[in-house]
1. Quick one: is Ala173 at pLDDT 95 or above and within 25 Å of Lys290 (Cβ to Cβ)?
2. Take segment 213-253 and flag every residue that is among the β-branched types (Val, Ile, Thr), under 30 Å from Ala120 (Cβ atoms) and surrounded by 22 or more Cβ atoms within 10 Å (Cβ to Cβ).
3. How many of the residues in segment 168-215 are outside any loop (DSSP other than H, G, I, E, B) and more than 30 Å from Ala140 (Cα to Cα)?
4. Name the residue, out of Arg218, Arg268, that is at pLDDT 95 or above, charged (D, E, K, R) and part of a loop (DSSP other than H, G, I, E, B).
5. Checking Thr128 against (1) touching a Ser or Thr at 6+ places or on another chain (Cβ under 8 Å); (2) surrounded by 19 or more Cβ atoms within 10 Å (Cβ to Cβ); (3) among the hydroxyl-bearing types (Ser, Thr, Tyr), only one condition comes out false. Which one?
6. Would you confirm whether or not segment 201-215 contains a residue that is modelled with pLDDT of 95 or more, over 30 Å from Ile63 (Cα atoms), small (Gly, Ala, Ser) and out of contact with any Ser or Thr (no Cβ under 7 Å at 6 or more places or on another chain)?
7. Given (1) buried (at least 21 other Cβ atoms within 10 Å of the Cβ); (2) farther than 22 Å from Leu4 by Cβ; (3) touching a His at 6+ places or on another chain (Cβ under 7 Å), identify the lone condition not met by Ala116.
Amino acid sequence: MYLLVGGDSEIGAATHRLLQARGESVSATTRRPEQIAPDRPFFDLTAPIDQWTVPPATRAACIFAAVARIAICHDDPIGSTRVNVTQTLTLIEHLIERGTYVLFLSTNQVFDGTTAHVAADAPHSPVTEYGRQKAQVEAALHRHIDRGAPVAILRLAKVVAPQMALIDGWIQALSSRQSIQAFDDMRLAPTPIELVSSAIATLLQDRAAGIFQLTGPRDVTYAEVGHFLADRLNADPAQVTVTQARSSLPEGATPLHTTLDSQLLRDRYGFAVPDAWDVVQTLLSARRQKAGLAADEGLTVKSARH
């Protein structure tokens with residue numbers, strides 16, 4: 001059976017749905033009392049780990065649960081370290097001791113963002129508190145990997161879903177001739193959540209050990225995404241107000257690059273993230289289909305690449 005620790009998270013929930021659709025035996029933990037079910041056991045990473053029993057027959061587990069917001073980790077380094085480092089490592093050690101394969105989800109924030117397509121074996125260089133915490137867990141897991149333990153790390157950057165609130169709100173605003181604000185100093189290399197879930201499911205099934213990375217092939221700014229959507233929706237370019245994020249976010253929250261070298265996943269399993277504009281176009285088409293429109297109804301007819 002597969003265990004997903006943090007099934008309330010967006011990626012955790014998507015992976016749970018995927019594994020269920022494949023007919024796999026899977027259990028996804030929840031912190032929401034109303035969600036508790038036979039395949040949704042209660043688990044809170046802030047509670048003592050020794051008071052929680054791992055579901056029987058668990059052969060592989062993925063750790064989704066974390067304090068993942070950079071600003072929260074920056075504002076509360078002690079509390080977030082307890083969850084992201086102390087409790088997480090305690091849980092992972094417990095799983096490893098019982099012979100369970102562990103996949104730990106990490107982040108591009110373990111690097112400083114000065115270099116594009118960072119290699120998986122590059123030394124850690126975190127700037128944010130969140131990145132430092134993830135790097136600390138990675139360092140502990142490296143020791144397990146070096147001695148042959150069934151452990152893997154999957155580093156991700158920006159994962160996007162069809163229901164992504166920011167993009168959805170921008171599409172609604174631009175379609176209604178309203179203005180949006182978009183950062184020109186914050187970048188993303190968007191990775192579709194469906195691809196991330198598939199990669200996680202494959203690594204769990206294969207019990208693949210080592211360090212894996214999955215991001216889009218290039219970065220674009222949020223302002224560029226806003227202008228792209230305005231163009232595709234035939235909106236006035238003036239509806240996109242360009243702003244900056246750097247002054248309002250912790251140091252390191254706006255790296256110059258977010259891309260990671262994803263060749264290992266591509267070569268071994270065929271996972272390749274599409275170009276940024278193809279990903280955004282897919283989000284736009286999904287949003288319009290949800291609204292009952294044809295995927296390309298009312299859109300400018302041109303290539304999705306800019």
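The values are calculated or read from the model by the stated rules, or taken from the named source; none is laboratory data. Please read all numbers here as calculations on a predicted model, not as lab measurements. All Cβ positions, glycine included, derive from the backbone under ideal geometry; neighbour counts span all protein chains shown.
1. yes
2. Thr215, Val225
3. Qualifying residue count for the region: 12.
4. It is Arg218.
5. Every listed condition holds for Thr128 apart from (1).
6. Checked against the condition, which is being modelled with pLDDT of 95 or more, over 30 Å from Ile63 (Cα atoms), small (Gly, Ala, Ser) and out of contact with any Ser or Thr (no Cβ under 7 Å at 6 or more places or on another chain), segment 201-215 yields no hits at all.
7. Going through the list (1) buried (at least 21 other Cβ atoms within 10 Å of the Cβ); (2) farther than 22 Å from Leu4 by Cβ; (3) touching a His at 6+ places or on another chain (Cβ under 7 Å), Ala116 breaks only (1).
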